[in-house]
Structure formats: C-alpha cells, structure tokens
Amino acid sequence: MTTLFHGSYAIVSQPQQALGQLRYKPVNHQLCIINQSVIDRCLRFVEAVTLTPEAL
C-alpha cells in the first residue's frame, strides 16, 4: 500500500496505481522527509539571510 500526498489530502493506493496517478499531477518540487536520522546525516545549516523591504 502506498500513500500519495496531493495538496492537503492523502490518497492511499497500490504502488502501480499511485505511480500512474503521479504522471498527471503538476510538479511542485516539495519534499517531505519523515526520518530524523536522514535529516541529521544529509542536511546542514548554511546561513541565514535577513531580508529588508528594499531587497524585495
């Protein structure tokens, strides 16, 4: 069983059905990492930048 997240709801389906549905969904380039150890191993803080109204 696979959970396909689309917008604010989840669709539970079989893997082949989920993959078939994905081809018709618009690309949104969002990731959901649900494993803290992956975050700890693979991501690191680089910098923080304060934006001013003039910079926008």
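Checking each residue of segment 36-49 against the condition of being at pLDDT below 85 and either out of contact with any Lys or Arg (no Cβ under 8 Å at 6 or more places or on another chain) or among the charged types (D, E, K, R) (or both) gives no match.
Within segment 36-56, residues that are surrounded by 10 or more Cβ atoms within 10 Å (Cβ to Cβ) reach partners that are of a type outside the set (Gly, Ala, Ser) with beta carbons closer than 7 Å, at six or more positions or on different chains, in the pairs Ile39/Ile33. Would you confirm whether or not segment 7-25 contains a residue that is under 15 Å from the mean Cα position of the chain (by Cα) and modelled with pLDDT of 75 or more? Within segment 7-25 (the criterion being under 15 Å from the mean Cα position of the chain (by Cα) and modelled with pLDDT of 75 or more), the answer is yes, since at least one residue qualifies.
The values are calculated or read from the model by the stated rules, or taken from the named source; none is laboratory data. Since the structure is predicted, the reported quantities are computational estimates derived from the model, not experimental observations. In this analysis, Cβ positions are derived from the backbone assuming ideal geometry, glycine residues included, and neighbour counts consider all displayed protein chains.
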